[in-house]
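Okay, structure first, notes after.
The values are calculated or read from the model by the stated rules, or taken from the named source; none is laboratory data. Remember, it's a predicted structure, so these values are computed and weren't measured experimentally. Neighbour counts are summed over all protein chains in view; Cβ atoms, including those assigned to glycine, are modelled from backbone coordinates with ideal geometry.
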């Protein structure tokens, strides 16, 4: 029997020392189609990956040293792909230079998720620095944008909250089973969603055994959520969204309530989900009247979705759970990468 080695794509992770960067490294170091050639961190330049993240000791490739974040230096490594795990407003400084160097980019910030520069400026407080490239980038949700992702030079990977909201709502809006107005969403996220930074409000004693709402009344993620929901509905969709901080490391739990259109039944909703996600390996449909639980999705690239009808109010209750730094960030980015480079889209992501 003859075995053929899988093609390896030389890959860089820019901003590799944060929570999302760490998850990207964890996935990519054991991805059979990846040769990790560059990991950047200004703070930790010169240190080995395994020194900063001892969990990677003795893992092949983890002796790679962090380097400074310089486009020319990244290109000099021979990288064919780059993940940008950088803050909003910083990724855009790298996008143009990398794609012009022939490197295909998956950006995990919000810099390339939107297609309307006016909306970007409204929600992020400043004009976009590269409107042309922003409008070129497809929204990197594999379940709904596979074809655009496959051809893209640069992809704007979705945010964690948006993933948990868009995936349950889009099929129902496309099918006309729910009304596009008066949609209310409440989500809770683990503390890692705020990033790996020093902040008094994120200290253990401030978060443990407590929950609080934040980003009220207009969280930045509303911009991409409403963009994708409006596209699905074929008309402008405006929702009420309240995020909450949960006293856990990772995980997102979202409950969405939407008004049913006349004639919508639980059977129609179930059939709609089953048709929409029949070929979506990382969407797990729990079924009617079955809640979701973050403990079943943390450390995985799955999103679980359940649903129920409240006959008293004629509303559907959608429940979803995911890991915010994997399905909501690094894992979803690798899913897009797999599509871009012709791998099986699940490659490296069967983590449970």
- Does residue 291 fit the bill of being more than 27 Å from residue 339 (Cβ to Cβ), assigned to a loop (DSSP other than H, G, I, E, B) and touching a strand residue (DSSP E or B) at 6+ places or on another chain (Cβ under 6 Å)? yes
- Query: Out of all the residues in segment 65-84, is one or more buried (at least 16 other Cβ atoms within 10 Å of the Cβ), farther than 30 Å from residue 126 by Cα and touching a helix residue (DSSP H, G or I) at 6+ places or on another chain (Cβ under 8 Å)?
  - Reply: yes
- Using the structure shown, decide if residue 96 is surrounded by fewer than 21 Cβ atoms within 10 Å (Cβ to Cβ), touching a helix residue (DSSP H, G or I) at 6+ places or on another chain (Cβ under 8 Å), within 14 Å of residue 336 (Cβ to Cβ) and not assigned by TED's automatic domain parsing to the domain that holds residue 306. no
- Message: Against the conditions (1) touching a helix residue (DSSP H, G or I) at 6+ places or on another chain (Cβ under 7 Å); (2) under 27 Å from residue 88 (Cα atoms); (3) buried (at least 19 other Cβ atoms within 10 Å of the Cβ), where does residue 294 fall short? Just the number, please.
- Response: (1)
- Of 137, 62, 118, 45, which residue is out of contact with any strand residue (DSSP E or B) (no Cβ under 8 Å at 6 or more places or on another chain) and free of Cβ contacts under 8 Å to residues at least 60 places away in the same chain? 118
- Note on the structure: Checked segment 201-218 for anything surrounded by fewer than 11 Cβ atoms within 10 Å (Cβ to Cβ) and either not in a loop (DSSP other than H, G, I, E, B) or not assigned by TED's automatic domain parsing to the domain that holds residue 188 (or both); matches are 204, 205
- Message: Restricting to segment 143-165, count the residues that are in a helix (DSSP H, G or I) and surrounded by 24 or more Cβ atoms within 10 Å (Cβ to Cβ).
- Response: 7
- Note on the structure: Going through segment 173-182 in order, the residues found to be closer than 12 Å to residue 239 by Cβ and outside any strand (DSSP E or B) are 173, 179, 180, 181, 182
- Query: Applying the selection to segment 219-235, what residues are assigned to a loop (DSSP other than H, G, I, E, B) and within 23 Å of residue 142 (Cα to Cα)?
  - Reply: 220, 221, 234, 235
- Note on the structure: Across segment 183-200, the tally of residues that are closer than 17 Å to residue 242 by Cβ and not in a loop (DSSP other than H, G, I, E, B) stands at 9
- When you look at residue 228, is it in contact (Cβ under 8 Å) with a residue 40 or more places away in the chain, over 30 Å from residue 41 (Cβ atoms) and loosely packed, with under 14 Cβ neighbours inside 10 Å, yes or no? no
- Message: Tell me whether segment 252-263 contains one or more residues that are free of Cβ contacts under 8 Å to residues at least 12 places away in the same chain and not in a strand (DSSP E or B).
- Response: yes
- Query: Does residue 295 meet the test of being within 19 Å of residue 308 (Cβ to Cβ) and at pLDDT 95 or above?
  - Reply: no
